[in-house]
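Trainee: I am attaching a structure below and will ask some questions about it afterwards.
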Amino acid sequence: MPEAAQFIHNATSSGKTYSAVGDKYVMLATGDQTSGAYCLAEATVPPGGGPPPHYHTREEESFYVLEGEITFTVEKQTVIGTAGTFVQVPRRTPHSFKNNSGTPARMLIQCSPSGFDKFMAEFATELPSPDAAPLPASHDEIEKLLRLAPEYGIVMLPSPEA
């Protein structure tokens, strides 16, 4: 049984930070801190960034755009998200997001229950601080993501361009 949820207070730009296939994720709340209820990350998505189509079998995933513009594709529906846009994706629903603009975008990503945070910790590269730039995606990192995703209930789908 998970331990009780904790009081969490993060100063500006604090939290374990990961580079994941070119995007940056600052973990604001982990499952260990929330008794497994959810995890919350602030994502910075550079132009052209974002994951390929996939779905989660274990958690709902919600997004709140803080700045910039993110294109969400949920099943066959496309939503252009600007600051203030909220998108929730139910589990087992194919989705992806991409920054099609010329400037970085920032958003909050919440997964409920938690688990995505442990996936990030296992496959992504930890950065020294939230101010560090994300690393470019590498072939080895993509292979690691594809290998580990099924262990976390994440199903990767072919890209529409494929």
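The values are calculated or read from the model by the stated rules, or taken from the named source; none is laboratory data. Everything numeric here is computed off the predicted structure, so don't read it as measured data. A quick note on method: Cβ atoms are made from the backbone with ideal geometry, for glycine too, and the neighbour counts reach across all protein chains shown.
Trainee: Between residues in region 114-135 that are free of Cβ contacts under 8 Å to residues at least 12 places away in the same chain and residues that are buried (at least 16 other Cβ atoms within 10 Å of the Cβ) and in a helix (DSSP H, G or I), which pairs lie under 8 Å by C-beta distance while being six or more apart or on different chains?
Mentor: Sorted first by the residue in region 114-135, then by its partner, the list stays empty.
Trainee: Please enumerate the residues belonging to region 71-98 that are under 20 Å from Ser159 (Cβ atoms), outside any strand (DSSP E or B) and either among the β-branched types (Val, Ile, Thr) or under 13 Å from the mean Cα position of the chain (by Cα) (or both).
Mentor: Thr93
Trainee: Report yes if some residue within region 90-97 is at pLDDT 95 or above and under 17 Å from Lys24 (Cβ atoms); otherwise report no.
Mentor: Yes, region 90-97 contains a residue that is at pLDDT 95 or above and under 17 Å from Lys24 (Cβ atoms).
Trainee: To continue, here is another question. Can you tell me which residue among Pro136, Pro130 is under 21 Å from Thr30 (Cβ atoms) and part of a loop (DSSP other than H, G, I, E, B)?
Mentor: Criteria check complete, one pass: Pro130.
Trainee: Next question. Which pairs do you get when a residue that is under 13 Å from Phe97 (Cβ atoms) and in a loop (DSSP other than H, G, I, E, B), found in region 41-52, comes within reach of a residue that is modelled with pLDDT of 95 or more and of a type in the set (Lys, Arg), reach meaning Cβ atoms under 6 angstrom, with the pair 6+ apart or on two chains?
Mentor: That search, which allows pairs on different chains as well, returns Gly50/Lys98.
Trainee: Quick check, is Leu66 surrounded by fewer than 20 Cβ atoms within 10 Å (Cβ to Cβ), in a strand (DSSP E or B) and of a type in the set (A, V, I, L, M, F, W, C)?
Mentor: Yes.
Trainee: I need the full set of residues from region 33-54 which are crowded, with 20+ Cβ neighbours inside 10 Å and either touching a strand residue (DSSP E or B) at 6+ places or on another chain (Cβ under 6 Å) or charged (D, E, K, R) (or both), in order please.
Mentor: Correct list: Tyr38, Cys39, Leu40, Ala41, Glu42, Ala43, Thr44, Val45, Gly49, Gly50.
Trainee: Which residues, counting only those in region 7-53, are closer than 16 Å to Phe116 by Cα and of a type in the set (Ser, Thr, Tyr)?
Mentor: Hits for region 7-53 are Thr17, Tyr18, Ser19, Tyr25, Thr30, Thr34, Ser35, Tyr38.
Trainee: Then there's this: Do we find a residue being charged (D, E, K, R) and surrounded by 11 or more Cβ atoms within 10 Å (Cβ to Cβ) anywhere in region 119-132?
Mentor: yes
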